[in-house]
Amino acid sequence: MPLGTRFQPRGLIARILFLSILFATELVVISVLLDSASLARAEGLAGLIGDWGPWMLRGIVGGSAIFATFVWLKHQAALERISIELEQMPVVAWPLLALHALAMAAFAALSSRLFSGSVSGAVAGGENLLALAWLVAGMSAIAFGALAALPLRQWVRLIASGENLWAYALVSIILACIAGNLSRSLWLPASKLTFTLAQWILKPLVAGLIVNPDLPALGTSRFRVILAPECSGLEGAGLILAFGIVWLLLFRREVRFPQALLLIPASVMVLFLLNALRIAALVLIGDAGARQIAAGGFHSQAGWILFNAVAVGFCVTVRNVSWFTQPSFASQPPPAVTVAAMAAPAEHTENPTAVYLMPFLGILAAGMIATAASGGFEWLYPLRLFAAAIALWVFRQRYATLNWKPSWFAVAAGAAVFGVWIALDRLSGRGADAGLPAALAAASPMARTSWIALRAAAAIATVPLAEELAFRGFLMRRFISADFEAVPFQSVGWLAILTSSAAFGLLHGGQRIAGVLAGIILALVVKRRSSMGDAVMAHVVANALLAAYVLMYGQWHLW
Amino acid sequence: MNKVLGLAVLVMGMATALCAGTTGPEIDASTGAAAVALLTGGLLVLRGRRKK
């Protein structure tokens, strides 16, 4: 069922939202107050909680997220039936919510004793009894909270609606948690192997390589890297392993087995080797004098850049190499990989997804590269402007067919978005100590003015176009139909608006809530007259006012 | 698209779970939103070609 046209948000969605907010708030408080490390030396049940408690918590959250995501993706008709039933019932059962609060109070009281270590070991089994009571209180709180939002009958129907999905989610998350916890024991040997590989890469490149296997540290007299166990390469290897398995499972009809299975160990090995290359590059960048870039942007971005490269390489190989692809799929024209090829598609094919997404993907890719090459301040931000401008230019003929006529209403909506953005920023109090970034202040007037001009040009010109094409033009309508270009904006429903706005907000870093609200306003603007021009105009006005606000009042944290 | 979006949720969730509590991880979950969005968008474009 397409999102947004029939699905009533008041029934199931309101309850799941309520439950998510309730549990997320409690989870944040628990995470801040409790430190499972204080139980590390305990024995029996208390020791088990110390060892496995955080993983159990991640398992519950992750399993629920996987189940909810795939039920939503695969069984929306069943969810709609449950949602309609729930419309007649109150959103919250207050007596059960009161029981939840009581159980949480007991849980908090027991937690303060269990995690303070004040229970005497001399009391036979005292600590284990306390741990058992703590577990019962915690489980009761979860159960009462869940039943307060959704009656037992609807829970049973919800779980049954996913058929065997609950079992798959349970098994996959248990395996992931066990593997995650056990993999920590592999960190040390894996980091030793990475250390050796990085050393081999650097030896022919660096004259005075300093190697200290005891720390273990690798570097030169000017810059040294200590290889922490977390940098072993296992995180990336685990991530690409899961990605490869799930991709082959999802697209199994397109793939030739068993040869496609070879791609999984191959991609794991490639990413592991690339991680050693990342460590070597870290040393080379630092040794070249760019210590801040090595320890800052490059360190935080290189892992993702390499993972994305291997993941895309995996998918391109599966689709394009005939030895891995089923003959019926191999006979189709190969997907275009370059921007130029997408703009000039093969004779009988087209790629409307590329038309709407490429400018935004250009901004994201350029942003990752610019951040990786930055040592705190993103000097290469203009790369984002050029990347989006190139993609917009390549597809300019396709954009000419859209309705670009703006209205004065869009100008007012843009001012409203700006107002929401500033109001939420003021409420957060983040702007109190904001000022011109030190790197920009220290730069020459020419460099500073050029950077500010290009930053403002991106905010006012390319970003509104790219984001409106991606979020309102593509994503919001793609939730409704695969042939998204045929979906009139005016037929888009609330769920598609909320979901695309949530994705829009998620990508707005420190201003996520403002991003969600802005997304909703911009979606309503485009829906009103089915005009992309309206959405872009509103976005341009909001970003232009924001740029003026940043420059006039020195609120640089908003950029 | 559903399959690709589901996969994106899985990647982001796993990155968060794998890297929770680690300092200086090779896959930094705090900067993952843009990276996963780029990957998801790239895969959608890759699979987006269709007959006219």
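Every read-out reported here was derived from the displayed coordinates using simple, explicitly stated rules and does not represent laboratory data. No experiment lies behind these values; they were computed from the predicted model shown. Cβ sites come from the backbone with ideal geometry, for glycine too, and all protein chains shown count toward neighbours.
Which part of the stretch A:131-159 falls in the paramagnetic zone of residue A:60, meaning amide N under 17 Å from the point 7 Å along Cα-to-beta-carbon? Label zone hits: A:131-150.
Just flag the trypsin sites (Lys or Arg not before Pro) in the stretch A:353-409 sitting in loop per DSSP whose Cβ has no more than 10 other Cβ atoms within 10 Å.
Here no trypsin sites (Lys or Arg not before Pro) fit, given the DSSP loop and packing criteria.
Computed from backbone phi with θ = phi - 60° and the Karplus coefficients 6.51, -1.76 and 1.60, the 3J(HN,Hα) list for the stretch A:544-556 is 5, 5, 5, 4, 5, 5, 4, 6, 6, 10, x, 8, 5 Hz; x is used for glycine and proline.
Classify the stretch A:72-111 as rounded, prolate or oblate from the Cα gyration tensor: take a ≥ b ≥ c as the square roots of its eigenvalues, call it rounded if a/c is under 1.5, otherwise prolate when a/b beats b/c and oblate if not. It is oblate, given that a/c is not under 1.5 and a/b is not larger than b/c. Restriction of the trypsin sites (Lys or Arg not before Pro) in the stretch A:400-486 to DSSP coil positions whose beta-carbon has at most 15 other beta-carbons within 10 angstrom yields A:430.
Within 10 Å of each Cβ of A:298-308, how many other protein chain Cβ atoms are there on average? Display every interim value, and only then the final one.
Numbers: counts 0, 4, 7, 4, 3, 9, 12, 2, 2, 8, 7.
Mean inter-chain Cβ contacts per residue within 10 Å come to 5.
Given a cut-off of 47 Å, what percent of all Cα-Cα pairs of chain A lie beyond it?
Details: 32506 of 155961 pairs.
Result: 21 percent of Cα pairs exceed 47 Å.
Averaged across A:203-216, how many Cβ atoms of other chains sit within 10 Å of each residue's Cβ atom? Mind dumping the intermediate values first?
Numbers: counts 0, 0, 0, 0, 0, 0, 0, 0, 0, 0, 0, 0, 0, 0.
Taking all residues of A:203-216 together, the mean is 0.
Based on DSSP loop calls and a cut-off of at most 14 other Cβ atoms within 10 Å, the longest stretch of chain A free of exposed GluC sites (Glu not before Pro) is what? Don't skip to the end; give the middle numbers.
Details: sites that count: A:43, A:87, A:163, A:347.
Between the exposed loop sites, the longest stretch runs A:348-559.
Please get the size of the charge dipole for the protein assembly as shown, origin at its Cα centre, with Cβ charges of +1 on Lys and Arg and -1 on Asp and Glu, quoted in debye to the nearest 20.
On the way: 42 positive and 26 negative charges, 279 e Å.
Taking the Cα centre of the protein assembly as shown as origin, the dipole is about 1340 debye.
Here the gap between residue A:160 and residue A:200, fully extended at 0.36 nm per residue and compared with their Cα-Cα distance, gives a gain of 9.0 nm. Its convex hull of Cα atoms gives the stretch A:355-558 a direction-averaged projected area, equal to a quarter of the hull surface, of 11.3 nm².
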